[in-house]
Amino acid sequence: AVPRRARARAAEGSAAAERVNAGLKLFDAGKTVAALDAFMAALELQPSNEEKKAALYNAACCYAKLEQTEDAVDSLRAALECGLQYATVLADGDLQALRGSAEFAGLKEEVVGGGDADGGSFRRDLKLINEARSPFRPVRGFLYVALGSAAFISTLITLPRLAAALAGDEGVTLVGVLQNLGINVAGLVAIFFLYRRDQDGEAQEISTLTIEETLSRLPISIGGTKQVQLCDLRSNARPVVLAGSAEKVGAAVRKAQKYRNQLEERGLLLVPFIIGSSAAQKEEDNKGFGSKARKMAVTPTPKSATREGGKAEGGDDESFDAAVAAATLKTKQAAGKRFKAEPPAAALAEWERTIEEMQRSVDGVGTGDDIFLVLRLDGRVRASGKGMPDWEQLIQDVPKSTELFSKLESG
């Protein structure tokens, strides 16, 4: 669980480093409690900052595995204060269940709005990405300050002239002074409005970037076996997240089947998510029928293998037809691995919380509403909205994967 850089720096023979590395071996061996004891012991041996960060981070992973959520979040917070990259927390599979908790949501709010501590580097990274996407924002900011300062100074100069005009000074015309004052005040108001709008736009873009980064770290299962994060699909696929009721999501997936070839040509990968499924999964886990006892899909198979001549042994046409049907089904299942993916059972709570964040951030969407989100090849949000996507319109808007625009989009 520890980042490789932290582990490498902790490998140079101090007592704390030895405890950290011993804890890692215990953790990998499944001895979570013993590993936690080793990490906590390392913290009592005057560790360096890197050793302390490694011990705290791995202790958080142990706490998460032991379902001690509050202790896990407290250890993560302390590790972030030691310089841990928040992106590491988002990517670690050992923290998958923790990321779906309310306690982690509170930590995330601290990070996104934070300063130098609690993952401030994450917010700085988001601001750098935002500046790269909007390179003229700093220039506009400079112009706002310069023009606003000029208007403010001009207003200060105008005030004594206004006092003189009101006092009856014949050398100063009241109408002219009021005109100049009106122009300056109007300029200040306009500049302030534009500045605030720019700042609000930046805040909205940072919020969108935060959701994009969080979304990109969500795991998905392709073909029922291979598990990757959404960010692993960048440059190769455009995920289409469909979140809502089982009825609406199911209908959207069935309708998408009609346009399957066109969607595959554009690299569009369906990721359906049933809102509320994490609560249902938790209830199943509490009953003892959770992810450890998952059922496998059963497909019909012939009683005997086909022989030469294209029929089953004994010339059974029905067995041969069953074999063909089974082979066809298997081929369709293999072809579907890149058309649709699913959130793994262990990550449903994390998906649920991320969907809630999306619902709060997308205009016109409320908590509990159906929502869709289409990502570009570079991981950015292409489109989002209430309900399910219009597949025909999406096919028109999204270029094929082989076209030049797709190459430019993937960077």
Of Leu408, Leu394, Leu329, which residue is surrounded by 13 or more Cβ atoms within 10 Å (Cβ to Cβ) and either under 20 Å from the mean Cα position of the chain (by Cα) or modelled with pLDDT under 80 (or both)? Leu329
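What do you reckon, is Thr173 at pLDDT 75 or above, under 22 Å from Arg360 (Cβ atoms) and of a type in the set (Val, Ile, Thr)?
The answer is no for Thr173.
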If we keep just the residues of region 340-363 that are more than 17 Å from the chain's Cα centre (by Cα) and surrounded by fewer than 19 Cβ atoms within 10 Å (Cβ to Cβ), which is modelled with the lowest pLDDT? Asp363
Taking region 37-77 on its own, how many of its residues are among the polar types (S, T, N, Q), outside any helix (DSSP H, G or I) and either buried (at least 23 other Cβ atoms within 10 Å of the Cβ) or over 26 Å from the mean Cα position of the chain (by Cα) (or both)? 2
Qualifying position, being assigned to a loop (DSSP other than H, G, I, E, B), in contact (Cβ under 8 Å) with a residue 12 or more places away in the chain and crowded, with 19+ Cβ neighbours inside 10 Å, among Leu80, Leu84: Leu84
Which is under 30 Å from Leu143 (Cβ atoms), without any contact (Cβ under 8 Å) to a residue 60 or more places away in the chain and surrounded by 11 or more Cβ atoms within 10 Å (Cβ to Cβ), of Leu162, Leu156, Leu209? Leu162
Given the criteria surrounded by fewer than 16 Cβ atoms within 10 Å (Cβ to Cβ), modelled with pLDDT under 85, in contact with a Ser or Thr (Cβ under 7 Å, 6 or more places away or on another chain) and in a helix (DSSP H, G or I), does Ala335 qualify? no
Answer yes or no as to whether Arg380 is within 26 Å of Phe405 (Cβ to Cβ), surrounded by fewer than 16 Cβ atoms within 10 Å (Cβ to Cβ) and not small (Gly, Ala, Ser). yes
Quick check, is Thr225 closer than 30 Å to Glu352 by Cα and at pLDDT below 90? yes
Tell me, yes or no, whether region 114-129 has at least one residue that is modelled with pLDDT of 80 or more and over 30 Å from Ala346 (Cβ atoms). no
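The values are calculated or read from the model by the stated rules, or taken from the named source; none is laboratory data. Because the structure is a prediction, the values reported are computed rather than measured. Ideal geometry is used to build each Cβ from the backbone, glycine not excepted, and the neighbour counts take in all protein chains shown.
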